[in-house]
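None of the figures in this text is laboratory data; all of them are computed from the coordinates on show. In this text the structure is predicted, and so the values were computed from the model without any measurement. Positions of Cβ are backbone-derived with ideal geometry, glycine not excepted, and every protein chain shown enters the neighbour counts.
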Amino acid sequence: MPGRIVWHRFTILIMIQPNPTTHRRPSRVFPVGAAALAAALFATGCTSSSQTQRPRTGIEQLLLSTAVDHALEGVEIPQVNGKKVFVEGSMLEAYDRPYVLGSIRALLSENGALLQTGRDDAEIIVEPRSGALGTDVADALLGIPSIPIIIPGAGTSEFPEVVLYSSNKQNTVSKLALLGYYQDGANAFSTESLSGTAYFNRYKFLLLLTVNFTDIPERARY
């Protein structure tokens with residue numbers, strides 16, 4: 001079975017609690033002692049492991065869903081309290097659309113809405129729309145990139161990159177808005193733009209030491 005040669009790495013995950021109203025990424029990397037770097041270099045090893053390739057990484061999906069969560073966090077819509085509400089999703093075009101619609105339905109329910117499965121049964125129809133939902137990625141490398149290696153009888157492996165310093169920064173932004181109206185078309189409510197962000201930034205130093213900065217709560221669990 002094709003494998004991939006990888007080097008054991010030390011990984012440090014640093015969770016940054018987001019501000020309730022703004023979600024800013026940290027401005028710098030914490031310094032690391034020389035003793036820790038020396039220990040990391042002496043502990044190096046080489047193994048072979050297989051890796052499953054997926055169309056989208058877990059981090060990518062978590063970034064998008066976290067940005068949506070931040071956009072809808074704490075939003076109050078008193079107009080739907082006690083009202084029969086139907087969410088009309090035809091105007092929403094966004095990546096991970098089912099999650100966005102589900103999060104909006106949850107928000108309305110938390111605000112006291114009585115969710116309906118049919119448009120004709122509702123007193124208020126809510127149309128969500130998306131202005132943005134995507135991730136910007138920036139990479140930097142000081143060193144030698146990874147090199148493919150063909151091993152007879154074993155397939156293709158990969159010699160690990162030799163890194164003095166590298167960074168991978170993923171920053172996601174979400175912009176949503178909600179329009180609510182009655183069956184006769186009269187306006188019930190209209191929200192301003194609901195914006196949220198999420199980030200996952202990874203820094204590598206001297207082959208082995210990896211430091212991650214993120215505001216994704218679930219990332220702390222693995």
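Within straight-line reach of Lys175, meaning a Cα separation under 13 Å, sit the following aspartates and glutamates at least 8 residues removed in sequence or on another chain: Asp69, Glu73, Glu93, Glu192. Under 5 Å from the amide H of Lys84 lie the amide H atoms of Leu114, Glu123, Ile124, each residue being 5 or more positions distant or on a separate chain, with H modelled from the backbone and absent for Pro and chain starts. Distance between the modelled labels on Thr156 and Met91, one decimal in nanometres: 4.8 nm (7 Å Cα→Cβ projection). Multiplying the residue separation of Leu115 and Arg56 by 0.36 nm and removing their Cα-Cα distance gives an extension gain of 18.1 nm.
Here Lys169 is the anchor, and the lysines within straight C-alpha reach of less than 17 Å, apart from those fewer than 8 places off in the same chain, are Lys204.
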